[in-house]
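A short worksheet on the structure shown next.
FYI, it's all coordinate maths here, none of it is from the lab. Model, not experiment: these values are computed from the prediction. Note: ideal-geometry Cβ built from the backbone for every residue, glycine included; neighbour counts use all protein chains shown.
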Amino acid sequence: MNGTLITIAVPEQAMRRANDVAARTHQRIEEVLTRWLDWAAEEIPVETLPEDELLALCEMQMNDRQQHELFDLLAQNREGLLDATRQARLDELMQIYRRGLVRKAQALQVAVRRGLRAPLSSVAS
């Protein structure tokens with residue numbers, strides 16, 4: 001493990017969810033919680049981003065590897081071919097995809113408010 005070892009009190013609801021994810025994905029709970037912390041650190045409030053990062057977020061997409069893996073897992077899911085581990089991975093990728101869409105929409109809203117981007121309604125006109 002790379003990083004700093006600390007001790008924290010984790011709220012009961014978060015522990016229940018982490019335990020559930022750990023059981024479904026056959027991971028240690030520490031791995032699940034570490035991944036969640038990484039995600040949270042990546043997602044600082046959009047309103048606080050500097051202009052260059054905000055504009056980059058407006059153009060954000062899943063990386064090619066994740067897109068390909070998501071496409072493959074969705075195809076396997078349609079055919080009913082996913083085991084529990086691959087279903088958990090599909091769920092994880094869908095969560096990443098949804099979170100990305102929400103952050104991108106937030107970034108677009110903030111960029112318009114800051115005058116960095118034209119409103120979408122005026123782009124179509």
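Worth pointing out:
- Helix-only [θ]222 nm of the chain, DSSP H runs n ≥ 4, -39500 (n - 2.57) each, per residue, nearest 500: -22500 deg cm²/dmol
- Dipole orientation for the stretch 45-117: of the candidates Leu74, Met60, Thr48, Thr48 has the Cα lying most toward the positive pole (charges on Cβ; Lys, Arg +1; Asp, Glu -1).
- Between Gln76, Gln67, Gln13, the GNM of the chain built on Cα springs shorter than 10 angstrom shows Gln13 fluctuating the most.
- Stokes-Einstein D (µm²/s) once Rh is taken as the Kirkwood radius of the chain over alpha-carbon pairs, at 25 °C in 0.890 mPa s: 143
- Computed from label points 7 Å out along Cα-Cβ, the spacing between Val10 and Arg65 is 2.5 nm.
- Dipole magnitude (debye, nearest 20) for the chain, charges at Cβ of Lys, Arg, Asp, Glu: 340
- In terms of its alpha-carbon gyration tensor, the stretch 45-117 comes out prolate; a/c meets the 1.5 threshold, and the first ratio a/b outweighs b/c.
- Normalised by the number of residues in the chain, the average gap of Cα pairs under 8 Å and 6 or more apart makes the relative contact order 29 percent.
- Projecting the Cα atoms of Leu101, Ala88, Thr34 onto the charge dipole of the chain, computed from C-beta unit charges around the Cα centre, puts Leu101 farthest toward the positive end.
- Given their separation in residues at 0.36 nm each and the Cα-Cα distance between them, Ala84 and Arg114 gain 6.3 nm when the chain is fully extended.
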